[in-house]
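Remarks on the structure that follows.
The values are calculated or read from the model by the stated rules, or taken from the named source; none is laboratory data. The model shown is predicted, which means the values in this text are computed figures rather than measured ones. All Cβ positions, glycine included, derive from the backbone under ideal geometry; neighbour counts span all protein chains shown. Just the protein is used for accessible areas: all its heavy atoms, side chains included, with ligands, DNA and RNA removed. Shrake-Rupley method; radii C 1.70, N 1.55, O 1.52, S 1.80 Å.
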Amino acid sequence: MPLKPIVTARAAGLKSPIRDILGPARKLAAGGKKMYYFNIGDPNKFDFDTPRHMREAMKRVMDTRAGYYSDSEGDMTLLRKIAEYESKKTGANISHENVVFTTGLSEALMFLMGALLEPGDEILLPSPTYPPYADYATFFGGVPVTYDCIEKEDWQPDAEDVRRKITPLTKAIVIINPNNPTGAVYPPEAVKRIIGIAAEAGIPVISDEIYDRMIFRDVPFASAVSLAKDSPVVLLNGFSKNFLSPGWRAGYVCFHNPTSDRSFSDLEEGFKRQARLRLSSCTPIELALHSAWENADHFKEIRQKLSERAEAAHKMINSIPGLSARKPAGAFYIFPKVDLSAGGWATDKEFVLDVLQNTGLVLVNGDGFLCRSHFRSVILPPVPVLEEAFGKLKAFMEALPKKRSAKASLS
């Protein structure tokens, strides 16, 4: 007798647009097509690498007896170093007791949504947004609600739309700054307005700042924690991006509770209970990360490369018929708008798949980020690679009128 359907609807409904595009891409690659993987924000897939002092630290750790479980919240020495770093950066007094090390921010988001949301609860997310925020919220029965970010203003958040979207069911407001997928950096006054709105509603801000050392244009930035003098903030950060170690799966969460709000303390405890269930993160990784702050030389090189590549990508994309893009200021993405009528595409996913088939360029459809008629591309490749890939995209888009004319004549 065949098994009855046993998968849950919440698991069956999960999507990963950044990874899902790899299925059709692999088929093309297997057929010998040259591919340009611009879908995943992994600097180490290009000409970046984890700093040498961290790699050397990992070698030393692996020569020791480091295969034991660390504390569930994380290795205590590492937590103290994180607390010291974030306290210095934000000007707030962050204790290691309020820091939890996680297996990347994906695990952190899962724990956070599991602790925050009951079925039917709402969480306010920027549009566009990083997909796991919406998917983990839905997984736990929550309702993701988006607030507008204004494209013509370089994707700045619309604070009044944030205010309009708050209901009695709203449990938190998410800020992603610097932003994935747009590359926007929010000025301190914009962040402060959102914090004020959250305070009025009696809800916390969740501030994702994992790209905070990757700001390459001359724009002001301030951590939400530094601006929230009397409001609770869940600060998300990690080592994957700033320290060029995405495969180490090294994230952390700081719970900043300046008013000692009991509900926020309960949220922190609910997060930690889930961390205890997984026993611990990877101990050797945590021990190797003790060295992360010993040398910061790589930050200058990262910002220089990203500045040049953002400039090049922005210029090239805006030269392509049917596409337009705002210039990013941080992170390593650009989020162009596409005129879907140019190719008769019904959705931006159709556009992305058509581009993939014809050029080998692997992009991510905008509706995966809760923003239609757009796509996300990394700006990580060297300029010659960007020029080659976007040159193929330009040729593809320029040929569309001829294809339409040929089809019309045949009909």
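Filter segment 170-192 for residues that are farther than 19 Å from Asp218 by Cα, open to solvent by 30 Å² or more (accessible area, probe 1.4 Å) and outside any strand (DSSP E or B) and give the result. The answer is Lys192, and nothing else.
Remark: pairs (first residue in segment 180-192, free of Cβ contacts under 8 Å to residues at least 12 places away in the same chain; second residue surrounded by 23 or more Cβ atoms within 10 Å (Cβ to Cβ); Cβ separation under 8 Å; 6+ apart in sequence or on different chains) are absent.
To keep it simple, each residue is scored yes or no on (1) in contact with a Ser or Thr (Cβ under 7 Å, 6 or more places away or on another chain); (2) of a type in the set (D, E, K, R); (3) surrounded by fewer than 24 Cβ atoms within 10 Å (Cβ to Cβ); (4) within 25 Å of Gly41 (Cβ to Cβ).
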residue: Asp121; (1), (2), (3), (4): no, yes, yes, no
residue: Glu151; (1), (2), (3), (4): no, yes, yes, yes
residue: Glu160; (1), (2), (3), (4): no, yes, yes, no
residue: Pro168; (1), (2), (3), (4): no, no, yes, no
residue: Ile194; (1), (2), (3), (4): no, no, no, yes
residue: Ala198; (1), (2), (3), (4): yes, no, no, no
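Against the criterion of being farther than 28 Å from Ala296 by Cβ and part of a helix (DSSP H, G or I), Arg65 does not qualify.
Restricting attention to segment 271-293, and to residues there that are open to solvent by 20 Å² or more (accessible area, probe 1.4 Å) and touching a Leu at 6+ places or on another chain (Cβ under 8 Å), which single residue is farthest from Asn93 (Cα to Cα)? Selected residue: Leu287. No other residue among Met58, Met54 is assigned to a helix (DSSP H, G or I), under 16 Å from Trp248 (Cβ atoms), touching an Asp or Glu at 6+ places or on another chain (Cβ under 9 Å) and open to solvent by less than 40 Å² (accessible area, probe 1.4 Å) apart from Met54. Scanning segment 353-397 for residues that are outside any helix (DSSP H, G or I), of a type in the set (A, V, I, L, M) and open to solvent by 10 Å² or more (accessible area, probe 1.4 Å) yields one hit, Leu370.
Let me confirm something: among Val234, Val219, Val225, Val253, which residue is open to solvent by 10 Å² or more (accessible area, probe 1.4 Å), closer than 30 Å to Phe48 by Cα and not aromatic (Phe, Trp, Tyr)?
Val219
Kindly indicate whether Lys327 is open to solvent by 30 Å² or more (accessible area, probe 1.4 Å), among the basic types (Lys, Arg) and under 15 Å from Ile379 (Cα atoms). For Lys327, the condition - open to solvent by 30 Å² or more (accessible area, probe 1.4 Å), among the basic types (Lys, Arg) and under 15 Å from Ile379 (Cα atoms) - is met.
Residue-by-condition table, conditions (1) hydrophobic (A, V, I, L, M, F, W, C); (2) farther than 22 Å from Gly270 by Cα:
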residue	(1), (2)
Leu28	yes, yes
Lys34	no, yes
Lys89	no, yes
Glu97	no, no
Pro119	no, no
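The one condition from (1) under 20 Å from the mean Cα position of the chain (by Cα); (2) surrounded by 16 or more Cβ atoms within 10 Å (Cβ to Cβ) that Phe299 does not meet is (2). Condition check for Ser72 on (1) open to solvent by 30 Å² or more (accessible area, probe 1.4 Å); (2) hydroxyl-bearing (Ser, Thr, Tyr); (3) under 19 Å from Ser106 (Cα atoms): one failure, at (1).
Residues checked against (1) of a type in the set (Gly, Ala, Ser); (2) at pLDDT 95 or above:
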{"site": "Ala296", "(1), (2)": "yes, no"}
{"site": "Phe299", "(1), (2)": "no, no"}
{"site": "Gln357", "(1), (2)": "no, yes"}
{"site": "Asn365", "(1), (2)": "no, yes"}
{"site": "Phe396", "(1), (2)": "no, yes"}
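May I ask you to verify whether Leu267 is open to solvent by 10 Å² or more (accessible area, probe 1.4 Å), within 21 Å of Ala199 (Cβ to Cβ) and assigned to a helix (DSSP H, G or I)? Considered against the rule, which asks whether it is open to solvent by 10 Å² or more (accessible area, probe 1.4 Å), within 21 Å of Ala199 (Cβ to Cβ) and assigned to a helix (DSSP H, G or I), Leu267 comes out as yes.
Evaluate the following for Ile18: is it modelled with pLDDT under 90 and surrounded by 12 or more Cβ atoms within 10 Å (Cβ to Cβ)? Yes: the conditions hold for Ile18. Cβ-Cβ below 9 Å, separation at least six or inter-chain, first residue in segment 80-97 and within 18 Å of Phe221 (Cβ to Cβ), second at pLDDT below 95 and of a type outside the set (A, V, I, L, M, F, W, C): which pairs? Hits for this filter: Ser87/Asn93; Ala92/Lys229; Ala92/Pro258. Pairs under 7 Å by beta carbon, first residue closer than 22 Å to Thr359 by Cα in segment 12-25, partner part of a helix (DSSP H, G or I) and open to solvent by 30 Å² or more (accessible area, probe 1.4 Å), six or more apart or different chains? Within 7 Å, the pairs are Pro24/Leu353. Given the criteria surrounded by fewer than 16 Cβ atoms within 10 Å (Cβ to Cβ), at pLDDT 90 or above, among the charged types (D, E, K, R) and farther than 25 Å from Lys229 by Cα, does Lys4 qualify? Here the answer is no, as Lys4 does not meet what is asked.
Residue pairs whose Cβ atoms lie under 8 Å apart, sitting 6 or more positions apart in sequence or on different chains, and linking a residue in segment 336-360 that is over 26 Å from Asp154 (Cα atoms) to a partner that is hydroxyl-bearing (Ser, Thr, Tyr), are Thr359/Tyr36; Gly360/Tyr36. Just one residue in the set Gly104, Gly32, Gly91 is on the phi > 0 side of the Ramachandran plot and surrounded by 16 or more Cβ atoms within 10 Å (Cβ to Cβ); that residue is Gly104.
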